[in-house]
Structures are given as structure tokens and as C-alpha cells.
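Have a look at the structure below, then the notes.
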Amino acid sequence: MQDYHYGKYQVKEAWFILTDLGSLPAAINAYKQRMGIEEMFRDCKKGGYDLEGTSLEGNRLINMILLMTLAYSSAIFQGTELRKKQVQKYVSRRKEPKKKYRRRSTFGVGVDAEKWVHYLEQYSFDVEQLMKLSPSKRRFYQQGMRAATLIQSIS
């Protein structure tokens with residue numbers, strides 16, 4: 001029996017993906033979009049807004065979904081810009097090596113950015129005092145401040 005290799009996996013049987021799409025790139029693109037939808041569902045459930053926990057019904061549920069849509073869109077736009085500017089590492093941890101999925105979604109990065117900048121402003125005096133104790137860390141502090149400036153320019 002022949003062994004088949006799929007990235008780092010080795011299996012005895014071949015894997016088949018059935019699709020009605022015309023090409024492999026189209027099938028892969030559709031799969032990536034599906035994963036984005038799964039991420040959105042996680043953000044709307046326990047991983048973010050916890051819509052299920054509200055127990056809302058009828059018009060109140062519809063109003064909540066509309067409000068969430070606006071807030072979610074804003075956080076997604078901000079998270080996307082943060083990733084483009086490569087400052088998300090200051091806001092939240094990236095994907096861990098042994099984890100299958102990223103630690104935070106684009107939505108999560110956008111939401112966390114607001115909190116991070118707020119905390120940075122709130123504790124700026126304390127951080128300045130710490131920097132006086134560790135001058136060798138000043139370069140990292142300056143990189144963080146640059147990231148905060150970029151984040152504020154997006155907000």
C-alpha cells in the first residue's frame with residue numbers, strides 16, 4: 001500500500017475533497033471564506049459578544065443584531081488595518097505554534113487595540129517611571145509607543 005503525504009501528515013489512504021467548483025484554487029478560496037464565517041460565529045458567541053447569553057427575542061433581538069453588526073464591522077475594519085500595519089503583536093498574542101487557529105480573530109484584535117491604548121494612556125506615568133529603572137528597554141517602549149500612535153490613527 002502506498003503512503004500519501006499532505007503537508008506534514010502521512011496517511012495510508014488518499015484524501016478526497018468533493019466539490020462542484022471548477023478548479024482547485026476556487027475550492028481552496030471557498031474553503032478559506034468558510035473558515036472566516038466560522039470565525040465570525042465564534043466572535044458572536046462566547047468568543048466575543050455572547051449573543052446567545054442575552055436571551056433576547058423578537059424586535060429586541062433584531063435591534064441587538066443591528067447594533068452588533070455596526071460594532072463588529074468597526075472592529076473588523078480596525079483589526080484589518082492593524083494587521084496591515086503589523087502592530088497586532090502589541091495588542092494580542094499571535095497564533096501559537098502548536099495551535100490550529102489564531103489566538104485572536106481580526107475582530108478580537110480590533111477590540112483589544114482600543115483596550116491596549118486606553119491602558120497605555122492610563123498607566124503612562126507608571127510606565128515612564130519603569131523606563132527610568134530599565135533604560136536598556138527604552139527601545140522596546142518606543143516601538144510600543146509608535147504602535148499606539150498607529151492604532152490611534154486608525155480609530
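At a glance:
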read-out: The stretch 41-68 - residue that is in a loop (DSSP other than H, G, I, E, B) and surrounded by 13 or more Cβ atoms within 10 Å (Cβ to Cβ) and, of those, modelled with the lowest pLDDT; value: GLY47
read-out: Filter pass, TYR49 being closer than 24 Å to TYR119 by Cα and aromatic (Phe, Trp, Tyr); value: yes
read-out: Residues satisfying the stated conditions in the stretch 115-151, i.e. closer than 18 Å to LYS84 by Cβ and either open to solvent by 90 Å² or more (accessible area, probe 1.4 Å) or modelled with pLDDT of 85 or more (or both); value: ARG146
read-out: The stretch 121-145 residues that are farther than 18 Å from LYS89 by Cα, paired with ones that are open to solvent by less than 100 Å² (accessible area, probe 1.4 Å) and of a type in the set (Lys, Arg) (beta carbon under 9 Å, 6 or more apart); value: MET131/ARG138
read-out: Residue count for the stretch 22-39, restricted to those that are open to solvent by less than 70 Å² (accessible area, probe 1.4 Å) and either within 17 Å of the chain's Cα centre (by Cα) or of a type in the set (A, V, I, L, M) (or both); value: 6
read-out: Tally of residues being hydrophobic (A, V, I, L, M, F, W, C) and in contact with a Phe, Trp or Tyr (Cβ under 9 Å, 6 or more places away or on another chain) across the stretch 45-60; value: 0
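Yes/no matrix, rows are residues, columns are (1) in contact with a Lys or Arg (Cβ under 8 Å, 6 or more places away or on another chain); (2) of a type outside the set (Val, Ile, Thr); (3) at pLDDT below 70; (4) closer than 22 Å to THR149 by Cα:
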{"site": "LEU70", "(1), (2), (3), (4)": "no, yes, no, no"}
{"site": "SER74", "(1), (2), (3), (4)": "no, yes, no, yes"}
{"site": "GLY79", "(1), (2), (3), (4)": "no, yes, no, yes"}
{"site": "ARG83", "(1), (2), (3), (4)": "no, yes, no, yes"}
{"site": "GLN86", "(1), (2), (3), (4)": "no, yes, no, yes"}
{"site": "LYS95", "(1), (2), (3), (4)": "yes, yes, yes, no"}
{"site": "LYS100", "(1), (2), (3), (4)": "no, yes, yes, no"}
{"site": "ARG103", "(1), (2), (3), (4)": "yes, yes, yes, no"}
{"site": "GLY108", "(1), (2), (3), (4)": "no, yes, no, yes"}
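The values are calculated or read from the model by the stated rules, or taken from the named source; none is laboratory data. Just so you know, these numbers come straight off a predicted model, no measurement behind them. Quick reminder, even Gly has a Cβ in these numbers, built from the backbone with ideal geometry, and neighbours come from all protein chains shown. Only protein heavy atoms, including side chains, enter the accessible area calculation; ligands, DNA and RNA are left aside. Shrake-Rupley method; radii C 1.70, N 1.55, O 1.52, S 1.80 Å.
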